[in-house]
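To start, the structure under review is shown below, and the notes come after it.
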Amino acid sequence: MTVAKTGTGPLAGVRVVELAGIGPGPFAAMLLADLGADVVRVDRPGGGGLAIDPAYDVTNRNKRSVLVDLKSPEGPARVLELAERADVLIEGFRPGVAERLGVGPEECLARNPALVYGRMTGWGQEGPLARTAGHDIAYIAVTGALGMIGSPEGPPAVPANLVGDYAGGSLYLVIGVLAALQHARTPGGAGQVVDAAIVDGTAHLTAMIHGMVAAGGWQDRRGVNLLDGGCPFYGTYETSDGRYMAVGALEQQFYDTFVRLLGIADEAPARKDLARWGELREAVAARFKARTRAEWTELFEGTDACVAPVLSLGEAPHHPHLAARSTFTDFGGITQPAPAPRFSATPAAVVSGPARPGADTESVARDWDVPGLTGKGS
């Protein structure tokens, strides 16, 4: 068999088929691609993704793309040929759709018993809502995660689509796929289906909070607890120029440094006196309003006060610490997060920009020995 195109990361040599979708599936496949896997994205003719120029969709970086019409007579056979040569397949259709198209787990595993078949959905493969539409906001709403975020006086605050789609969805799919891949490669192991539901992953993220509720250390309402903005020394404060600083001075030694540098050590009420938390918050807020974000940043930088400036997406790559670590990278004219985490022996890297739909059909057909992709063979 022809050696597959791979990157330099720890997953070099692993082949992944991604059936094109939007949201958490492509992000999960990007992560695998960042780690060195040869990810082939099966795009549909005419697109169907987000309303973004494919040249800027960085979730398709480090991948290759082929065009396959799954509704055509020969479409399912092309995908099954790819699945036969792959280690992992990722799909994000509603339950039952892959089966109707002829590329479900039964068909794929019959061709390749060692295949890890990763399924990415919001509600999961079964349950009363399994076949209904949804988005990140609904998934984190029913798991209790959304209800924890925001001010107690206002509605829950929407954390973009980071908590559900990417944390509860993509990352759990990747964990599941890699665990299943390890099992498939052990003596006596075999491929299997990984059912990654955003509701399951998001609920799992709240494990510590459930324990704290059971222990009486967390109230089941937002904005009144240690880590949800209810605590005056764990939250955000506006500065004189209308920007914000983030404070996380939880431990006593860090809190002592914080109030000293802030200049309220002699007037701040005891931090353990919850009845005076409102008074403490007002004192902290008044002090932060006295200077600009840049001035407070300079004062707290390099100390153990656990205080940091709240930066915008555009400002973040220029933060001195992130710049020193190359946390962001510029590739193809796009500033974007660099691959994470980092590996000492098998470093990951951005090696190619967003895959253009169908642009890699020839190379994939050659490398994966699937001539039918180009219409030149069966």
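The values are calculated or read from the model by the stated rules, or taken from the named source; none is laboratory data. The structure displayed is predicted, hence computed values, not measured ones. Ideal geometry is used to build each Cβ from the backbone, glycine not excepted, and the neighbour counts take in all protein chains shown. Accessible surface is based on the protein model in full, side chains and every heavy atom, while ligands, DNA and RNA are left aside. Shrake-Rupley method; radii C 1.70, N 1.55, O 1.52, S 1.80 Å.
How long are the three semi-axes of the equivalent ellipsoid for the range 241-358, computed from the Cα gyration tensor as the root of 5 times each eigenvalue, in whole Å, largest first?
39, 16, 13
The order of L35, L299 by accessible area, most exposed first and with a 1.4 Å probe, is L299, L35. Among I52, I22, I90, the largest mean-square fluctuation in a Gaussian network model of the chain, built with springs joining Cα atoms closer than 10 Å, belongs to I52.
Each residue of the range 122-133 was assigned a 3J(HN,Hα) from its phi angle through the Karplus curve 6.51 cos²θ - 1.76 cosθ + 1.60 (θ = phi - 60°); the sequence is x, 9, x, 7, 9, x, x, 9, 3, 9, 9, 6 Hz, with glycine and proline shown as x. For Q192, nonlocal amide neighbours, meaning residues 5 or more places apart or on other chains whose placed amide H falls under 5 Å from its own, are V116, Y117.
Using 0.36 nm per residue and subtracting the Cα-Cα separation, the extra length available between A349 and F328 on full extension is 6.4 nm. Take the Cα coordinates of the chain, assign each an equal point scatterer, and use the Debye formula without solvent to give log10 I(q)/I(0) at q = 0.06, 0.07, 0.08, 0.15 Å⁻¹. Result of the Debye calculation: -0.30, -0.41, -0.52, -1.29. Shown here for the range 276-378: GluC sites (Glu not before Pro) in loop regions (DSSP other than H, G, I, E, B) with at most 13 other Cβ atoms within 10 Å, namely E301, E315. Accessible surface calculations at 1.4 Å, restricted to protein heavy atoms, place the chain at 49 Å² per residue. Take the Cβ-Cβ distance between A359 and E282 as r, set R0 to 56 Å, and report the resulting FRET efficiency rounded to the nearest 0.05. Taking R0 as 56 Å, the efficiency between A359 and E282 is 0.45.
Carbon-plus-sulfur accessible fraction, the range 67-142 (probe radius 1.4 Å, protein heavy atoms only): 56%. Between the amide H of F93 and those of M120, distances stay under 5 Å, these residues lying 5 or more places away or on another chain, with hydrogens modeled in the peptide plane.
Overall form of the range 81-230: prolate. Here a/c, set by the Cα gyration tensor axes a ≥ b ≥ c, is 1.5 or more, and a/b is the larger of a/b and b/c. The value of relative contact order for the range 83-206, using C-alpha pairs under 8 Å at least six residues apart, is 34 percent.
Between I264 and D369, residue separation times 0.36 nm minus the direct Cα-Cα distance comes to 30.8 nm.
Applying the Karplus relation 6.51 cos²θ - 1.76 cosθ + 1.60 with θ = phi - 60° to the range 194-209 yields 3J(HN,Hα) values of 10, 9, 9, 9, 4, 5, 5, x, 5, 4, 4, 5, 8, 4, 4, 5 Hz, where x marks Gly and Pro. Take the Cα of R131, step 7 Å toward its Cβ, do the same at H321, and the gap between the two points is 5.0 nm.
For the range 87-173, the extents of the C-alpha atoms along the principal axes are 56, 25, 16 Å, listed from largest to smallest. What residue among S352, S326, S65 shows peak mean-square fluctuation when the chain is described by a Gaussian network model with Cα springs under 10 Å? Residue with maximal mean-square fluctuation among S352, S326, S65: S326.
Here E107 sits with roughly 60 square angstrom of accessible surface, probe radius 1.4 Å. Carbon-plus-sulfur accessible fraction, the range 180-252 (probe radius 1.4 Å, protein heavy atoms only): 53%.
Across the range 241-253, computed HN-Hα scalar couplings (Karplus, 6.51 cos²θ - 1.76 cosθ + 1.60, θ = phi - 60°) run 9, x, 9, 9, 10, 9, 10, x, 8, 6, 6, 4, 5 Hz from first to last residue, x flagging Gly and Pro. Each DSSP beta bridge with both residues in the chain is either parallel or antiparallel, and the antiparallel ones are about 35%.
Taking 13 Å as the straight-line reach from the Cα of K71, the aspartates and glutamates in range (excluding those fewer than 8 positions away in the same chain) are D43, E99.
With contacts taken as Cα pairs under 8 Å at a separation of at least 6 residues, the chain carries a relative contact order of 21 percent.
Residues whose amide H lies under 5 Å from that of R61, counting only those 5 or more places away or on a different chain, are A355; hydrogens are built 1.01 Å from N in the peptide plane. Mean projection of the Cα convex hull over all viewing directions, computed for the range 150-196: 4.1 nm².
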